[in-house]
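Asks: My questions will all concern the structure given below.
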Amino acid sequence: MNTPSASPAVEAEGLVKHYPAKNGDIEAVRGVDLRVDAGEVFGFLGPNGAGKSTTVKMLTTLLSITAGSARVAGLDVAGEPDAVRHRIGVALQEAGLDPRQTGRELVTLQARLFGLSAPDAATRTEELLELVELEDAADRQIKGYSGGMKRRLDLASALVHRPEVLFLDEPTTGLDPASRLTVWDEVRRINERGTTVFLTTQYLEEADALCDRLAIIDDGRIVREGTPTSLKQDLRDRLALDHDPTLDDVFLDATGRTRRREAGDVQEVKA
Amino acid sequence: MSQAWLLGQRAIREAWRTPDALIPTLFIPLFFLVVNVGQAARIFPGRTTEFLYGQGYGAFQVPASLLLASSFGMAALFLVEEIEGGYFDKLRAAPIPRTAIVVGRLIAEGTKGLFIAAAILVLAMIFGVEIASGVLGFVLLVVLTAGWAVVFAGLMQLIALKTRSAAATNSGSLIFFPLLFLTPNFVPRDLLTRPMEIAATLNPVTYVMEALRSLILQDFVWGDILPGFLVVAVVGAIALALNVRMINHYD
């Protein structure tokens, strides 16, 4: 669903993150400009270590911003972090859950932390467990959940307060194909209900299937931005290809990587 | 505070569901109590040893066991597990005061401390130890022990927040652990060798131990009791302030 509005859901200008290190600062993000319209599913792609998670952590108030500015749901991330937290949902790469709580306890606690009363939190928990199809496992401790169940529960806990913007950092990494499709369905369902989704992924078919627009980050900088179709068309035109390129081709072109086949394996090689 | 209490309740459930982490906090102090009494009880017979106030040597050793039981700092290990597992970031992304995250764990540690202290004291009483200061003394013993558990956990949480590593947090406890033994552990302070007496006098844990001991062996001697509570209040306030500062600057 793509319903652009005047006020962007996410807007970053010259976003920079440096980490101190023994041999000088490490520049993880080097001036990222982004604009995500309300109602979009926005894909944020990049190779390992490109700066995806660092950018997401800055946008979700989990990391300080070295330079530049970011606004999420119309609010300044650095200036009003608590107000931003009220408007966003976050499901990070690690599916951060407390393994000794039950699914129901975890979602209820999250709802209470977001200010819902005990009865409202209980009602919301039931709704969300139904949404992610975990009603039957709700009273089991999370340590017994499969990877897919944990991802879905993480998603549910990110939605307790009906966020305007949902950040999903590699939500399907490590999942089997069936679980991945389930998560895709849930992301679509959440977006159809009006939530803007900011999604990082390493799976290009995921970006192709889910995202209205996407940006590719490499070495801390945005190197491509557009709709999947426009990015593919642009590559076809630029390289005068006689076939339709895939998003993989766009990604490899954007990140300066190429592929060569060796002993039956496809290996990624930095150009 | 309500959010700290919600997180505290969660941490209490977590402790309840991890009995394998709770059992050593009860078993090891009782083991040391039995061993220490077995080694030294004949040297210090109750009838003729002035500093025992008519009780057996076991009564003298109970405070050391109480302090040991409240110096495991499990909260810090659970915290670092949460940092490594990502749930810590989930909590940081919620609109709650950063302090609630660390205070919640300390509330749970204090609650556990209350129960563990009460259990050790009841067991000690079954084996003949008398609480000379009576029921109020029992309550003060439990509260002071739980207070120390909160202080120790607070210090350990600083290591957890700084290092973000379970291995480092575990090793870090070794920095604080010797403080428990630089105390009048086996005899009163005035019977220690001079260097040990100086070390014990400089060690804040000594005053907590002496307060606990006073409540067990004597009636209310406030000159011994109040310094113990003062140490818990002051070191606790410092540990809490440092925890708050560290989590507010966590990046």
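The values are calculated or read from the model by the stated rules, or taken from the named source; none is laboratory data. Treat the numbers as computed from the prediction; the structure is a model and nothing was measured. All Cβ positions, even for glycine, are placed from backbone atoms using ideal geometry, and neighbour counts span all protein chains on display. All accessible areas refer to the heavy atoms of the entire protein, side chains included, with ligands and DNA or RNA removed. Shrake-Rupley method; radii C 1.70, N 1.55, O 1.52, S 1.80 Å.
Asks: Here's a check for you: in the stretch A:36-73, which residue that is assigned to a loop (DSSP other than H, G, I, E, B) and within 14 Å of chain B (Cβ to nearest Cβ) is nearest to A:E192 (Cα to Cα)? Steps first, answer last, please.
Replies: First pass over the stretch A:36-73, keeping only residues assigned to a loop (DSSP other than H, G, I, E, B): A:38-40, A:46-51, A:60-66, A:73.
Filter once more, keeping what is within 14 Å of chain B (Cβ to nearest Cβ): A:60-66, A:73.
Working: A:T60: 22, A:T61: 26, A:L62: 27, A:L63: 29, A:S64: 32, A:I65: 31, A:T66: 35, A:A73: 18 Å.
If we take residues in the stretch A:36-73 being assigned to a loop (DSSP other than H, G, I, E, B) and within 14 Å of chain B (Cβ to nearest Cβ), then A:A73 is nearest to A:E192 (Cα to Cα).
Asks: Let me ask another. Among the numbered conditions (1) buried (at least 18 other Cβ atoms within 10 Å of the Cβ); (2) over 30 Å from A:T61 (Cα atoms), tell me where B:G54 comes up short.
Replies: (1)
Asks: Considering the stretch A:74-92 alone, what residues qualify as being facing another protein chain (nearest Cβ under 7 Å) and charged (D, E, K, R)?
Replies: Let us first name the residues in the stretch A:74-92 that are facing another protein chain (nearest Cβ under 7 Å), namely A:82, A:85-86, A:90, A:92.
Matches in the stretch A:74-92: A:D82, A:R85.
Asks: Within the stretch A:93-114, which residues are over 15 Å from A:I142 (Cβ atoms), at the interface with another protein chain (Cβ under 7 Å from one of its Cβ atoms) and open to solvent by 10 Å² or more (accessible area, probe 1.4 Å)?
Replies: Residues satisfying the conditions are A:R112, A:F114.
Asks: Turning to a different aspect of this structure: What is the number of the single condition among (1) among the acidic types (D, E); (2) in contact with an Asp or Glu (Cβ under 6 Å, 6 or more places away or on another chain); (3) free of Cβ contacts under 8 Å to residues at least 40 places away in the same chain that A:D33 does not meet?
Replies: For A:D33, the exception is condition (3).
Asks: A further question on this structure: For the stretch A:115-127, enumerate the residues that are farther than 29 Å from A:T201 by Cβ, more than 9 Å from every other protein chain (Cβ to nearest Cβ) and in contact (Cβ under 8 Å) with a residue 12 or more places away in the chain.
Replies: From the stretch A:115-127, those farther than 29 Å from A:T201 by Cβ are A:115-123, A:126; that's our starting set.
Filter once more, keeping what is more than 9 Å from every other protein chain (Cβ to nearest Cβ): A:116-123, A:126.
Those that are farther than 29 Å from A:T201 by Cβ, more than 9 Å from every other protein chain (Cβ to nearest Cβ) and in contact (Cβ under 8 Å) with a residue 12 or more places away in the chain: A:L116, A:A121, A:A122.
Asks: Which condition from (1) open to solvent by 50 Å² or more (accessible area, probe 1.4 Å); (2) touching a residue at least 40 places away in the same chain (Cβ under 8 Å); (3) within 14 Å of chain A (Cβ to nearest Cβ) is the one that B:G8 breaks?
Replies: (1)
Asks: From the list A:V29, A:V41, A:V36, A:V90, pick out the single residue that is closer than 22 Å to B:I247 by Cβ and of a type in the set (V, I, T). Write out each step before concluding.
Replies: Values: A:V29 fails: closer than 22 Å to B:I247 by Cβ; A:V41 fails: closer than 22 Å to B:I247 by Cβ; A:V36 fails: closer than 22 Å to B:I247 by Cβ.
So the residue among A:V29, A:V41, A:V36, A:V90 that is closer than 22 Å to B:I247 by Cβ and of a type in the set (V, I, T) is A:V90.
Asks: If you go through the stretch B:190-202 one residue at a time, how many are loosely packed, with under 15 Cβ neighbours inside 10 Å, under 19 Å from B:A40 (Cα atoms) and not β-branched (V, I, T)? Before the answer, list the steps.
Replies: Here is the first cut: in the stretch B:190-202, the residues loosely packed, with under 15 Cβ neighbours inside 10 Å are B:190-191, B:193-195, B:198, B:201-202.
Among the residues that remain, those that are also under 19 Å from B:A40 (Cα atoms) are: B:190-191, B:193.
Next cut, not β-branched (V, I, T) only: B:190-191.
Residues in the stretch B:190-202 being loosely packed, with under 15 Cβ neighbours inside 10 Å, under 19 Å from B:A40 (Cα atoms) and not β-branched (V, I, T): 2 in total.
Yes or no, residue by residue, for (1) polar (S, T, N, Q); (2) within 12 Å of chain A (Cβ to nearest Cβ):
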site	(1), (2)
B:I83	no, yes
B:T99	yes, no
B:L106	no, no
B:T111	yes, no
B:I116	no, no
B:L123	no, no
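Asks: Right, something else. List the number of the failed condition for B:F32; all other conditions in (1) more than 14 Å from every other protein chain (Cβ to nearest Cβ); (2) without any contact (Cβ under 8 Å) to a residue 40 or more places away in the chain; (3) more than 30 Å from B:I238 (Cβ to Cβ) hold.
Replies: (3)
Asks: Taking the stretch A:128-173 as the region of interest, how many residues are assigned to a strand (DSSP E or B) and either more than 14 Å from chain B (Cβ to nearest Cβ) or surrounded by fewer than 19 Cβ atoms within 10 Å (Cβ to Cβ) (or both)? Full working, then the answer.
Replies: Within the stretch A:128-173, the subset assigned to a strand (DSSP E or B) is A:141, A:165-169.
Going one step further and asking which of them are either more than 14 Å from chain B (Cβ to nearest Cβ) or surrounded by fewer than 19 Cβ atoms within 10 Å (Cβ to Cβ) (or both), we end up with A:141.
Residues flagged as assigned to a strand (DSSP E or B) and either more than 14 Å from chain B (Cβ to nearest Cβ) or surrounded by fewer than 19 Cβ atoms within 10 Å (Cβ to Cβ) (or both) within the stretch A:128-173 amount to 1.
Asks: I'm checking my understanding of the structure. Among residues of the stretch A:17-35 that are within 14 Å of chain B (Cβ to nearest Cβ) and assigned to a loop (DSSP other than H, G, I, E, B), which one is nearest to A:V250 (Cα to Cα)?
Replies: First, the residues of the stretch A:17-35 that are within 14 Å of chain B (Cβ to nearest Cβ): A:17-21, A:25-26, A:28-29.
Next, only the ones that are assigned to a loop (DSSP other than H, G, I, E, B) stay: A:20-21, A:25.
Details: A:P20: 33, A:A21: 33, A:D25: 31 Å.
Here the residue is A:D25.
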